[in-house]
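Participant: Have a look at this one before I ask anything.
The values are calculated or read from the model by the stated rules, or taken from the named source; none is laboratory data. Quick caveat: nothing in here was measured; it's all calculated off a predicted structure. So basically every Cβ, Gly included, is an ideal-geometry build from the backbone, and we count neighbours across all protein chains shown. In case anyone asks, the SASA skips ligands and DNA or RNA and just uses the protein heavy atoms, side chains included. Shrake-Rupley method; radii C 1.70, N 1.55, O 1.52, S 1.80 Å.
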2 protein chains.
Amino acid sequence: MDAMDEEIIRELAKIVGDDYITTDDADLVAYSSDVLSSAFKKPDCVVMPKNTKQISDILKLANREKIPVIARGGGTSELGGCVAWHGGIILELRRMNRIKQIDVDNLMAVVEPGVICERLNQEARKYGLNFPPTVPTESVATLGGMVASNSSGLRSAKYGATTDYVIALEVVLTDGRIVRFGKPVYKTSSGYDLVHLFVGSEGTLGIVTEITLKLKPIPKYFATAYGLFDSLEESARAVAEIVKSGINPAGLEIVDLPTQQATNRLAKKYGGKLSEASFPEAEGLLLFELDGRDTAQIEADKIILQEIAEKHGCKEIIWAKNEEEREKMWFARKSVLVTLVRDKPTILIGDCILPPSKLPDLIRIMQDAGKKFGIKVYIIAHAADGNAHYLVPYDINDEDELRRLEALEDEIVHKTIELGGSVSGEHGIGQHRMKYMKPEHGESYEVMLAIKQLFDPNNILSPGTIFCE
Amino acid sequence: MDAMDEEIIRELAKIVGDDYITTDDADLVAYSSDVLSSAFKKPDCVVMPKNTKQISDILKLANREKIPVIARGGGTSELGGCVAWHGGIILELRRMNRIKQIDVDNLMAVVEPGVICERLNQEARKYGLNFPPTVPTESVATLGGMVASNSSGLRSAKYGATTDYVIALEVVLTDGRIVRFGKPVYKTSSGYDLVHLFVGSEGTLGIVTEITLKLKPIPKYFATAYGLFDSLEESARAVAEIVKSGINPAGLEIVDLPTQQATNRLAKKYGGKLSEASFPEAEGLLLFELDGRDTAQIEADKIILQEIAEKHGCKEIIWAKNEEEREKMWFARKSVLVTLVRDKPTILIGDCILPPSKLPDLIRIMQDAGKKFGIKVYIIAHAADGNAHYLVPYDINDEDELRRLEALEDEIVHKTIELGGSVSGEHGIGQHRMKYMKPEHGESYEVMLAIKQLFDPNNILSPGTIFCE
């Protein structure tokens, strides 16, 4: 698109008010990337609507003029998911930040998309409730963004992903129509499930303007521990057996030795609160947490868990003795990413997923690819889900490194697909992974594309993401 | 459609083999209705494919010739959901009955659509697993049918609906393309969620030919009881408070006094195994069940549950003392429908749903409508879901009764919609409830219709269901 017509800027300003649109170059630069990716493309303007009606008017205008509209929440995508690849309007949604309702009687919440995940949890906690999908970026990530990419994270083994909590949506379609999908009920068999078609659609089908979520009571008791193994592979085998056992841990994280060491080293180096992030070092490290409304169940599960771990050569289990120790364990895990990104300017994050029994294979694939292409790969995993991350801090100016990195990622992804897995367990496709859509989805890629064309015939919503077309 | 061309019958016979197609009038009559509805329309033929390839060939032919194709599993719809309203081909799927895999390591199963729910559970039980959505018709209902209508039933309060267990599908599209949606993984953020678009679509978007389901470990311990209340409304209030308390009962059923009395009377009358179906009689009756892997949690929850029940005037809680007594309680509940249908030739079954806190309102709406139109309404509810059934045995030849019945149902449904609920919690739309789609879904009805037209431009899949068009 050519630089945006002044007349259009004026029309947009009329919709949202002069204070809530910017074409200032410094602002455009600030909105030209997401938090972690190397993506960079300036939009033509940033618009900050306050309500559904304004978004409807913006989409009517954009659709008429065929101007791209890119919804943006906390900007924590690392895949170029909220970047204006073809210019156009960044739709900054953080002003739509009302928690409209906490329905304590029915364990539900109604929120606008710009509400930050942590804020909903702070509010819900007053009533003993929480929104379980915990992402490490919860202090920044918006619920709209989590719906767009079907986020999950540290507790999804037991509590599932965002999609499992979304029961109704208000959506603005490209032609400006305001529609409601779903009802505030626990289940429905009435008509097509458009709610879950929209969850994970990354802003490419319409703009979500209201979300009705299920909440859950906060568990009363926790048991949190590090399990130290002599072998990463054996720790992954323990995970697979824990899953099979029927114990349902709230968290079950794998952290490999290079990640432990780098986190320990860099966290100290950078100091401040971060310096408290510290792992005990072992070839294989499991961080696990059991939770519940009752201690007896947890105590029984601890025994089963311990037996399985020992069978797989676990040499020590360190239980958190109090809440402080528990928080310290999680703090180390949550600090991995923010620590590693201080090593090099940019970081590549993969999030392939396979069935949990294949987690040892997935880890081996990542390690082998690292060796093959001479790249240091850090591995962490939401292990009970079979969802493993490869983390590679890199220098975007090193062309040789970039080439090897691409080869490494291609290899990991294609081997995951061969084994029946998915390229993304929780982060999405964005721009960075478009090329993996066809290999993963085969013929159903065409079906997705047809749905995209149905909802967005002019391809104005986040063009240049998800689909190569 | 005119009677089907002989040439087309020959082509179909060539696809499935002469033994697996019938145009015999007795067969067509047998396939002209579903189990419980008063729907009646003869198809032109019944075809019994054995595999995906045959279904693909059938759809190619049907799409070319614009012949309706109606998928049918156990035929347990009571809404005319698997009736050939515009003639055409009944696609009888019960020969596609292979359990392809029980993946014990990853708690998954891969099945063909014709597998009967109970058979999967028998097989899974060998490994300590089960498929939790328990429908009272589980000995007849197929998994394909349960996917088509997003069934749930007696355990959905804790365990959710069919949609919560479906992770991947093989589907034949109208043009014969065979596509796969989803992966055998616990979560994914890769592309659009077509899996859950298809769950609940009642055979109107494509034919599901393979289903990958999550399974769960069978709970070890149960505590099951009748709670006897002086007031139906108070029993519903107790339910709402139980939901709010965070106790998560595996079952929480309401049975009103007329239903208890009719079941007791008719079950005796008809004898056999059915005569064992017997309720203690009370104005409000709750059947509840707690389950878990540990007795301590159950014992703790029993106390909370008892306190809440007593607060709402519960005069007695009768705990099942052993497995036999537990089974007897559930047998009575599961026998309600099969008992009531012996009273009159046909039965109307509603399944409106509201948030659980509004269950007392929903029950009152049903009672008031019964009084207003002079109709005896039996009320049962999957109460913790807010999903209440109105059951009305009726005589299809009594035109006055039919008129009053329609008025009654219109009133209940429209009041449910006004309160923010859905016309169907678990049964679907079929033909019977098409007229409620627009009132419930408003503008999003048009979106559903557009998706229908995208997937089935010639409207060959179950025409005359879900959509009035």
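Participant: Here are B:Val208, B:Val171, B:Val185: which of them is at the interface with another protein chain (Cβ under 9 Å from one of its Cβ atoms) and either open to solvent by 20 Å² or more (accessible area, probe 1.4 Å) or not in a loop (DSSP other than H, G, I, E, B) (or both)?
Facilitator: B:Val171
Participant: So which residues in segment A:259-301 are among the aliphatic types (A, V, I, L, M) and open to solvent by less than 30 Å² (accessible area, probe 1.4 Å), if there are any at all?
Facilitator: A:Ala262, A:Leu266, A:Ala267, A:Leu274, A:Ala277, A:Ala282, A:Leu285, A:Leu286, A:Leu287, A:Leu290, A:Ile298, listed by residue number.
Participant: Related question: Looking at B:Gly153, B:Gly176, B:Gly144 in this structure, which one is more than 8 Å from every other protein chain (Cβ to nearest Cβ), at pLDDT below 95 and out of contact with any Phe, Trp or Tyr (no Cβ under 8 Å at 6 or more places or on another chain)?
Facilitator: Numbers: B:Gly176 fails: at pLDDT below 95; B:Gly144 fails: at pLDDT below 95.
None of the others qualify; the one that does is B:Gly153.
Participant: What residue, of A:Ile429, A:Ile412, A:Ile460, A:Ile380, is within 12 Å of chain B (Cβ to nearest Cβ) and aliphatic (A, V, I, L, M)?
Facilitator: Being within 12 Å of chain B (Cβ to nearest Cβ) and aliphatic (A, V, I, L, M) holds for just one of A:Ile429, A:Ile412, A:Ile460, A:Ile380, which is A:Ile429.
Participant: Could you go through segment A:113-128 and let me know if any residue there is surrounded by fewer than 24 Cβ atoms within 10 Å (Cβ to Cβ), within 12 Å of chain B (Cβ to nearest Cβ), over 23 Å from A:Glu289 (Cα atoms) and among the β-branched types (Val, Ile, Thr).
Facilitator: No; the residues of segment A:113-128 include none that is surrounded by fewer than 24 Cβ atoms within 10 Å (Cβ to Cβ), within 12 Å of chain B (Cβ to nearest Cβ), over 23 Å from A:Glu289 (Cα atoms) and among the β-branched types (Val, Ile, Thr).
Participant: A:Tyr192 fails exactly one of the following numbered conditions: (1) facing chain B (nearest Cβ under 8 Å); (2) open to solvent by 20 Å² or more (accessible area, probe 1.4 Å); (3) aromatic (Phe, Trp, Tyr). What is the number of that condition?
Facilitator: Only one criterion in (1) facing chain B (nearest Cβ under 8 Å); (2) open to solvent by 20 Å² or more (accessible area, probe 1.4 Å); (3) aromatic (Phe, Trp, Tyr) is unmet by A:Tyr192, namely (2).
Participant: Residues A:Lys376, A:Lys358, A:Lys321, A:Lys372: which one is open to solvent by 60 Å² or more (accessible area, probe 1.4 Å) and either small (Gly, Ala, Ser) or without any contact (Cβ under 8 Å) to a residue 12 or more places away in the chain (or both)?
Facilitator: After applying the criteria, what remains is A:Lys321.
Participant: Within segment B:188-205, work out how many residues are among the small types (Gly, Ala, Ser) and in a helix (DSSP H, G or I).
Facilitator: Result for segment B:188-205: 0.
Participant: Can you give me the number of residues within segment B:56-71 that are open to solvent by 10 Å² or more (accessible area, probe 1.4 Å) and either in contact with a Lys or Arg (Cβ under 8 Å, 6 or more places away or on another chain) or at pLDDT below 95 (or both)?
Facilitator: Looking only at that region, the number is 0.
Participant: Among the residues of segment A:272-330, which ones are touching a helix residue (DSSP H, G or I) at 6+ places or on another chain (Cβ under 7 Å), away from chain B (no Cβ under 14 Å) and among the polar types (S, T, N, Q)?
Facilitator: Within segment A:272-330, A:Ser275, A:Ser278 qualify.
Participant: All but one of (1) within 30 Å of B:Ile303 (Cα to Cα); (2) within 11 Å of chain B (Cβ to nearest Cβ); (3) outside any loop (DSSP other than H, G, I, E, B) hold for A:Asn248, so report the exception by its number.
Facilitator: All conditions pass for A:Asn248, except number (3).
Participant: Among the numbered criteria (1) touching a residue at least 40 places away in the same chain (Cβ under 8 Å); (2) within 11 Å of chain A (Cβ to nearest Cβ), which one does B:Pro133 miss?
Facilitator: (1)
Participant: Identify all residues within segment B:228-244 that are of a type in the set (Ser, Thr, Tyr) and either within 16 Å of B:Gly292 (Cβ to Cβ) or within 25 Å of the chain's Cα centre (by Cα) (or both); write none if there are none.
Facilitator: Within segment B:228-244, B:Ser235 is the sole residue that qualifies.
Participant: May I pose another question? Output yes when any residue across segment A:388-405 is facing another protein chain (nearest Cβ under 10 Å) and within 23 Å of A:Trp85 (Cα to Cα), and no when none is.
Facilitator: Within segment A:388-405, not a single residue is facing another protein chain (nearest Cβ under 10 Å) and within 23 Å of A:Trp85 (Cα to Cα).
Participant: Name the residue, out of A:Ala320, A:Ala282, A:Ala236, that is in contact with a strand residue (DSSP E or B) (Cβ under 7 Å, 6 or more places away or on another chain), over 15 Å from A:Thr224 (Cα atoms), at pLDDT 95 or above and small (Gly, Ala, Ser).
Facilitator: Of the residues listed, the single one that is in contact with a strand residue (DSSP E or B) (Cβ under 7 Å, 6 or more places away or on another chain), over 15 Å from A:Thr224 (Cα atoms), at pLDDT 95 or above and small (Gly, Ala, Ser) is A:Ala282.
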